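In what follows, a structure is listed as structure tokens, so that the remarks can point back to it.
The values are calculated or read from the model by the stated rules, or taken from the named source; none is laboratory data. Small disclaimer: the values here were computed from a predicted structure and weren't measured. Cβ coordinates were reconstructed from backbone atoms using ideal geometry, including for glycine residues, and neighbour counts include every protein chain displayed.
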Amino acid sequence: MVAGPRLVITGAAGYIGAALAAAARRDGWRVVALGRSPDPTVPSHPWRLGEDPPAEALAGADAVIHLAHQWAAPGAQGEDPNIPGTERLLEATRRHGVRRVVFASSISAREDALNAYGRLKWRVEQTLRAPVELSARIGLVYGGADAGLWGLLCKLVRLTPILPMVGGGRPIQPIRMDELCDGLLRLARMPAPTRAVYGLASPTTISFSAFLRTVARLRFHRPLMVISLPLGPVLAAVDLVSRVVPAINRERVLGLAGLPVIDNAADIAELGLEIRSVVDGLAPFARRKAILREGRALLRYVLGVSPPMGMLRHYVTGIESYGGGRPLDLPAPLLTVPGLLRLAEPVGGKGEGRHTLVERLEMAMILAESQPVGARRLYDYGGTPRWKSVLGLVGIGAIEALLLPVRMVLGRRYR
Amino acid sequence: MSDARPVVVVGSGPAGVSVAWPLVEAGLPVLMLDAGAEAGPSRVAADRSSLASLRTDFGTGRSWRHLIGPTLSGLRNVGYASPKLRTSAAPGFGEDYAVALGLDASGFRAVGAFSPGGLSAVWGAVVCAFQGEELDPRIDAGALDESYRRVAARIGINGSDDDPLADYLGRGLPLQPPLPVSSAAAALLAKKGPGGDGLTVGRLRTAILTRDLGDRNACDLGRACMWGCGVGAIYNSADELPALWGRDNFTLRWRAEVVAVESDGSGPVLRLRDGEKVAARAVILAAGVLSTTRLVLAARGGGQSVPLLNNPAVSFALLSPSRLGRPLAAVGHGAAQLGFRQIVAGKGELFGMLYDADTMSAVDIMSHMPFSRPGAAAVARRLLPAVMLGLGYLPGAYSRNRVTLAADGGLKIEGETSADCAATMAAAGKALRRSMARLGAHMLPGSFRPYPPGAEVHYAGTLARPEDSTADGAIVGLPGVVVADASVIGRLPAKTHTFTAMANADRIGRLWAARLSGV
Ligand SMILES: Cc1cc2nc3c(=O)[nH]c(=O)nc-3n(C[C@H](O)[C@H](O)[C@H](O)COP(=O)(O)OP(=O)(O)OC[C@H]3O[C@@H](n4cnc5c(N)ncnc54)[C@H](O)[C@@H]3O)c2cc1C
């Protein structure tokens with residue numbers, strides 16, 4: 001087997017790190033975590049930002065992607081640990097002759113950024129000096145696991161149908177997790193970069209409130225109303241609240257309100273990256289979610305009980321691989337009360353590859369049969385008294401005969 | 001000086017392997033080319049539990065891995081084709097086939113696969129010998145008889161000559177002891193009909209081991225045949241490849257799709273998909289009827305059209321009310337339990353087989369019920385112990401399909417049946433319903449349904465006319481090109497035909513082995 005290039009990731013256990021490690025491996029890299037490892041299959045070397053990295057971690061490394069960030073303790077004084085920590089890491093990579101270092105910076109990185117985070121990222125960027133050391137200024141990352149800022153936003157959007165916020169109209173530049181990972185890996189293997197800083201964010205902007213509304217609609221299938229609040233009074237209010245609830249503080253508000261817009265179209269073009277609009281980027285989410293909902297209803301209908309999680313996952317994979325990949329447009333009552341399908345299930349019409357309701361029910365049936373919870377309903381290995389069996393057949397026959405005309409009418413639209 | 005060029009056999013299906021053996025045994029250098037990729041891990045794990053335990057035992061966990069496959073390929077919709085393509089075929093089986101052949105089929109369900117062992121990876125393994133009038137008169141019956149015995153010994157066939165169907169299926173073959181039949185089947189066998197109604201019910205011959213043979217094991221009676229065999233009891237020609245491979249004069253190449261048969265003046269040359277050319281002393285095509293026919297028609301050039309035989313087929317369900325409420329069998333085999341032959345007065349006959357309904361996926365049975373899914377499930381649960389599912393075949397003479405090489409090199413198939421096919425099928429259904437009822441098995445109303453042509457995958461006879469091939473399989477007008485699969489069998493009785501195609505391939509192999517090593 002030919003060994004792929006070796007990639008060292010710091011902060012590999014984080015929101016971006018875990019996704020990046022997986023993407024890198026799919027891309028053929030041998031991934032090593034410096035610090036905590038996202039999962040036991042990724043080899044790791046113990047390390048904390050500020051320490052000298054162990055020599056064996058960097059020996060033979062083709063690239064290092066530096067994601068680790070140390071959040072300052074509230075009220076901490078003195079120099080931020082991220083700056084000397086990164087310097088130490090860089091000294092080591094230079095010593096080992098690592099041919100590429102990519103530092104995960106932020107789109108908010110500026111000497112005069114509104115928030116401390118942006119100012120800090122800017123200062124860390126200044127520690128990168130060698131031509132092989134690049135900064136990636138990352139926009140608002142969405143998708144991937146429900147973690148990081150994205151996870152927080154998801155929670156927020158789900159929490160309330162009306163969201164008052166500061167700077168809702170501000171333009172932001174999102175990037176989907178897989179696009180970001182692709183971009184970082186491209187930076188890691190790019191032979192001749194033309195600049196020191198690359199913006200990894202959508203070159204076109206969307207307002208923050210529109211972004212949140214899109215997330216609400218496509219990811220969570222619910223409407224969201226965003227009410228813009230003026231910054232000044234809110235900051236004053238937050239200052240008051242933060243004395244009681246330290247999680248809500250000035251810095252957070254400024255971080256959201258203070259994102260600058262960068263012009264990175266040329267960076268993206270140089271990298272050959274493709275960045276989708278948020279609507280396109282969230283579409284698979286929305287689809288998958290809708291398929292999941294459909295699967296839960298159909299499996300419940302054929303099983304008579306809630307399907308086990310694994311079976312639901314199989315339904316989604318089944319529809320994505322063999323069933324056309326799109327949810328049917330089933331009305332909400334059928335999705336919430338699957339038993340109603342008994343009245344609306346079409347009669348006959350096993351379509352061949354037309355992805356109709358009948359075909360999906362067939363797939364649901366096959367899934368039900370694939371595990372004992374469903375198979376036990378179909379196959380009677382214990383036997384039943386004959387009279388009971390006959391009586392059962394007569395009873396079901398009678399019910400089905402009554403249902404038939406109803407299904408012929410109601411089911412017509414699903415054939 | 002001896003010729004260094006190999007004899008090239010195209011295809012590792014039952015026909016390819018059968019024609020290869022005599023050539024290899026004669027010491028000729030044989031190169032087998034197959035378009036399939038080397039067999040990956042089988043979908044069936046050897047330690048799979050019995051069907052009953054997969055269905056009921058929560059402890060085994062992961063039943064789904066066996067029932068729909070680890071990659072969920074069992075979820076693909078195979079339409080009206082055999083459910084086995086869903087329950088036991090490997091992921092991707094047959095998917096690239098239609099595109100590679102440029103298939104354009106109307107009114108015909110064309111099934112094929114580029115895969116080790118060809119369609120024998122999923123076949124039902126029912127074997128019959130053709131006798132007397134059933135056999136294409138061009139084929140030397142004496143030589144074929146010997147080949148039947150050679151093939152039977154090689155692949156392992158179970159059955160009994162002490163059986164009502166033995167005369168029909170052919171006596172005198174080396175047979176392993178018959179598989180035990182299920183209680184439902186035994187009940188039917190025990191009830192001798194009054195006779196005179198043209199029905200004979202008996203044991204089948206299947207290429208399923210009841211005794212270990214080479215690396216293959218005897219049936220473990222786990223009843224999950226429909227989901228593939230975990231112990232190698234059901235014959236798959238790919239299982240013979242290691243033994244062939246063990247011979248010094250045999251070579252096998254995977255992913256070697258032959259796209260054209262050409263000639264360089266001194267002999268045939270095969271062109272592969274990637275452009276490579278392989279020169280051969282002789283080429284023996286055993287790529288399955290559709291693929292072989294395409295290669296031959298393309299090599300001969302011109303817009304030709306040839307007939308394609310198949311067996312018009314039907315499926316049906318029989319209910320034995322006295323069996324309602326019985327527990328399903330946990331032990332046994334899950335292949336066809338019984339064979340039947342129904343003579344239709346003045347109209348020929350229907351041959352077929354009966355399966356215990358619970359050995360199939362109930363979902364496929366339910367899809368024929370006009371009930372809601374929960375209703376159908378409840379009905380299926382109660383009916384399964386008492387139902388046998390049947391498949392029946394009419395002789396190929398009732399088919400009228402045509403195959404044409406399209407201008408773009410693709411294969412156009414037009415499915416058609418003879419004018420009297422539908423009426424004959426209906427008459428056969430009526431006769432069968434009556435005679436089965438006398439045995440206490442009642443045909444479920446509406447269950448007697450003809451298949452679309454082609455779905456039963458008994459293809460033959462495309463190159464069997466004297467203007468196309470000689471009785472030895474040599475293609476007229478293409479020196480050095482021989483066809484060894486069912487393309488050169490010009491008559492299909494109501495029986496399944498693969499055993500005969502294998503025997504004929506063995507016969508052709510022996511003939512050409514003698515000829516080629518005599519050079
Ligand atoms: C579900 C099912 C059940 C069946 N049950 C029965 C049964 O019970 N009894 C019975 O008698 N028959 C049965 N059959 C039919 C039986 O499987 C076929 O008749 C038999 O497999 C044909 O053998 P073959 O070697 O001619 O062709 P195939 O089995 O089709 O094998 C052809 C081989 O050639 C290779 N190939 C094709 N084209 C090329 C090319 N251009 N270049 C290189 N390689 C190529 C393929 O990869 C394949 O390995 C069944 C079929 C199916 C699908």
Filter result for A:Val358 (among the β-branched types (Val, Ile, Thr), touching a residue at least 40 places away in the same chain (Cβ under 8 Å), out of contact with any helix residue (DSSP H, G or I) (no Cβ under 7 Å at 6 or more places or on another chain) and more than 7 Å from chain B (Cβ to nearest Cβ)): yes
How many residues are hydrophobic (A, V, I, L, M, F, W, C), away from the ligand (no atom under 11 Å from the Cβ) and in contact with a Lys or Arg (Cβ under 6 Å, 6 or more places away or on another chain) when one looks only at the range B:250-307? 3
Under the condition of being more than 8 Å from every other protein chain (Cβ to nearest Cβ), not polar (S, T, N, Q) and not in a loop (DSSP other than H, G, I, E, B), which residue from the range B:46-76 is farthest from B:Val111 (Cα to Cα)? B:Gly59
Sole residue being closer than 30 Å to B:Leu492 by Cα and touching a Cys at 6+ places or on another chain (Cβ under 6 Å), chosen from B:Gly334, B:Gly303: B:Gly334
Does any residue in the range B:99-116 that is part of a loop (DSSP other than H, G, I, E, B) come within less than 7 Å, Cβ to Cβ, of a residue that is of a type in the set (Val, Ile, Thr) and within 8 Å of the ligand (Cβ to nearest atom) six or more places away or on a different chain, and which pairs are these? B:Val111/B:Val457
Just give me the residues in the range B:86-98 being crowded, with 22+ Cβ neighbours inside 10 Å and either in a helix (DSSP H, G or I) or of a type in the set (A, V, I, L, M, F, W, C) (or both), in sequence order. B:Arg86, B:Thr87, B:Ala89, B:Ala90, B:Phe93
What about A:Leu391, is it of a type in the set (A, V, I, L, M, F, W, C), closer than 30 Å to A:His221 by Cα and more than 7 Å from every other protein chain (Cβ to nearest Cβ)? no
Within the range B:23-43, residues within 15 Å of the ligand (Cβ to nearest atom), at pLDDT 95 or above and acidic (Asp, Glu) come out as B:Asp34
When only residues in the range B:70-85 that are away from the ligand (no atom under 16 Å from the Cβ) and crowded, with 20+ Cβ neighbours inside 10 Å count, which is farthest from the chain's Cα centre (by Cα)? B:Leu72
One residue is enough: does the range A:188-196 have a residue meeting the conditions within 20 Å of the chain's Cα centre (by Cα) and surrounded by 20 or more Cβ atoms within 10 Å (Cβ to Cβ)? no
B:Ala121 being farther than 23 Å from B:Ala298 by Cα, buried (at least 20 other Cβ atoms within 10 Å of the Cβ), more than 11 Å from chain A (Cβ to nearest Cβ) and in contact with a Lys or Arg (Cβ under 7 Å, 6 or more places away or on another chain): no
All positions within the range B:179-219 that are part of a loop (DSSP other than H, G, I, E, B) and either closer than 21 Å to B:Asp145 by Cα or of a type in the set (D, E, K, R) (or both): B:Lys191, B:Lys192, B:Asp197, B:Leu204, B:Arg205, B:Ala207, B:Arg211, B:Asp212, B:Asp215
Counting only residues that are within 16 Å of the ligand (Cβ to nearest atom) and either part of a loop (DSSP other than H, G, I, E, B) or in contact with a Ser or Thr (Cβ under 8 Å, 6 or more places away or on another chain) (or both), the range B:357-386 contains a total of 2
Being among the basic types (Lys, Arg), within 42 Å of the chain's Cα centre (by Cα) and at the interface with chain B (Cβ under 7 Å from one of its Cβ atoms) narrows A:Arg377, A:Arg386 down to just A:Arg377
Residues of the range B:218-269 being out of contact with any helix residue (DSSP H, G or I) (no Cβ under 9 Å at 6 or more places or on another chain) and β-branched (Val, Ile, Thr), in sequence order, are B:Val231, B:Val269
Filter pass, B:Ala329 being more than 14 Å from chain A (Cβ to nearest Cβ), farther than 30 Å from B:Ala105 by Cβ and at pLDDT 95 or above: no
On the basis of being closer than 29 Å to B:Leu209 by Cβ and surrounded by 15 or more Cβ atoms within 10 Å (Cβ to Cβ), does B:Gly334 make the cut? yes
Please determine, by comparing only the residues of the range A:301-335 that are crowded, with 19+ Cβ neighbours inside 10 Å and touching a Pro at 6+ places or on another chain (Cβ under 8 Å), which one is nearest to the other protein chains (Cβ to nearest Cβ). A:Val302
So, in the range A:336-348, how many residues would count as being surrounded by 19 or more Cβ atoms within 10 Å (Cβ to Cβ) and assigned to a loop (DSSP other than H, G, I, E, B)? 2
Scope the range B:95-109; condition more than 14 Å from chain A (Cβ to nearest Cβ) and within 13 Å of the ligand (Cβ to nearest atom); matching residues: B:Asp96, B:Tyr97, B:Val99, B:Ala100, B:Leu101, B:Gly102, B:Leu103
May I ask you to verify whether B:Arg507 is more than 10 Å from the ligand (Cβ to nearest atom), free of Cβ contacts under 8 Å to residues at least 24 places away in the same chain and over 16 Å from B:Leu295 (Cβ atoms)? no
With the structure loaded, tell me whether B:Ala357 is within 14 Å of chain A (Cβ to nearest Cβ) and over 30 Å from B:Tyr168 (Cα atoms) or whether it fails that test. no
Any residue at all in the range B:128-143 that is away from chain A (no Cβ under 14 Å), within 12 Å of the ligand (Cβ to nearest atom), assigned to a helix (DSSP H, G or I) and at negative phi? no
In the range A:260-288, anything assigned to a loop (DSSP other than H, G, I, E, B), of a type in the set (A, V, I, L, M) and closer than 13 Å to A:Asp178 by Cα is listed as A:Leu273, A:Ile275
Of the criteria (1) part of a loop (DSSP other than H, G, I, E, B); (2) closer than 26 Å to B:Arg400 by Cα; (3) more than 10 Å from chain A (Cβ to nearest Cβ), which one B:Gly79 fails: (3)
Got a sec? Which of B:Ala455, B:Ala460, B:Ala486, B:Ala464 is among the hydrophobic types (A, V, I, L, M, F, W, C), within 16 Å of the ligand (Cβ to nearest atom) and within 14 Å of another protein chain (Cβ to nearest Cβ)? B:Ala455
For the range B:161-183, what are the residues that are touching a Lys or Arg at 6+ places or on another chain (Cβ under 6 Å) and within 17 Å of B:His333 (Cβ to Cβ)? B:Asp163, B:Gln176, B:Pro178
Looking at (1) within 15 Å of the ligand (Cβ to nearest atom); (2) in a helix (DSSP H, G or I); (3) within 14 Å of chain A (Cβ to nearest Cβ); (4) of a type in the set (Gly, Ala, Ser), which is the one condition that is false for B:Ala15? (3)
